[in-house]
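Following: one structure in C-alpha cells, then a few remarks.
Read the figures in this text as sums done on the coordinates, not as results from a lab. None of these values were measured; they are calculated from a predicted model. Cβ coordinates were reconstructed from backbone atoms using ideal geometry, including for glycine residues, and neighbour counts include every protein chain displayed.
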Amino acid sequence: MAADMAARLRTQVPGARLEHIGSTSVPGLAAKDVVDLLIGVEENRVAEVAAELAADGFDLEGELPGHCWLSYPARASRRYILHVVEFDGVPWRRRIGFRDLLRRDESARARYLEAKLEAAREAQGWDDYTQFKTPVVAGLLAQDASGSCEPPALTGFR
C-alpha cells in the first residue's frame, strides 16, 4: 500500500521526498491497516501542496504552520494519512527519527506498543488516540536524544 501511494504521489508532487512512517513501516509492530506517509517539500510549499492534494480528492484534516495532514479516501474511512512538512525540518526529522528508533530498539518498540494498546482501549476517536500516545513518543525521543545513537538514516521512497 505504501509503495502504491508513493508512486501516485510522485506524479502529483514532483520533487517531493517521500518516506513511509508510522507503525506499518516498523517490522514486527502491530499496526492498524492505515499507512502513514511523510511528504517533504520546500517550507514555502507545504500549504500549497496540501491544497493541491485536497483538490485532487484527499481529505485535508488539519493545518499548522509548516505541517498539514490529509487522509485518503476520507477521514471516516482512512486507508492513508499523509503528512506534508518541510523536508529536513524539525517535523520531518522527528518523524523519521521516531520510525528509525522503533525499527532498531526492541524496548522502545515494546513501550510504544503498550501505549498504542492502551490508547486503543481508552481513546475516543483518532485525535484522542494520537494525543494519548504523544507523551510516550516524546519520552522515547528524549531518551534517544540523550543516548549516543547514530542520527537516523533517510531511507524510503525518494
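Some points to look at:
- Identity of the residue in the stretch 48-70, closer than 17 Å to Val34 by Cα and assigned to a strand (DSSP E or B), that ends up nearest to the chain's Cα centre (by Cα): Trp69
- Which listed residue, of Arg111, Arg99, Arg103, is assigned to a helix (DSSP H, G or I) and under 17 Å from Arg17 (Cβ atoms): Arg99
- Considering the stretch 87-96, and only residues there that are in contact with a Leu (Cβ under 9 Å, 6 or more places away or on another chain), touching a residue at least 40 places away in the same chain (Cβ under 8 Å) and assigned to a helix (DSSP H, G or I), the residue that is surrounded by the most Cβ atoms within 10 Å (Cβ to Cβ) turns out to be Trp92.
- Scanning the stretch 13-20 turns up no residue that is among the acidic types (Asp, Glu) and part of a helix (DSSP H, G or I).
- Exactly one residue out of Arg17, Arg45 is of a type in the set (Lys, Arg) and over 15 Å from the mean Cα position of the chain (by Cα), and it is Arg45.
- Those residues of the stretch 32-60 which are touching a helix residue (DSSP H, G or I) at 6+ places or on another chain (Cβ under 9 Å), among the charged types (D, E, K, R) and either buried (at least 21 other Cβ atoms within 10 Å of the Cβ) or over 16 Å from Pro14 (Cβ atoms) (or both), in sequence order: Lys32, Asp33, Asp36, Asp59
- Tally, over the stretch 36-86, of residues that are free of Cβ contacts under 8 Å to residues at least 40 places away in the same chain, hydrophobic (A, V, I, L, M, F, W, C) and either touching a Lys or Arg at 6+ places or on another chain (Cβ under 7 Å) or within 20 Å of Ala2 (Cα to Cα) (or both): 10
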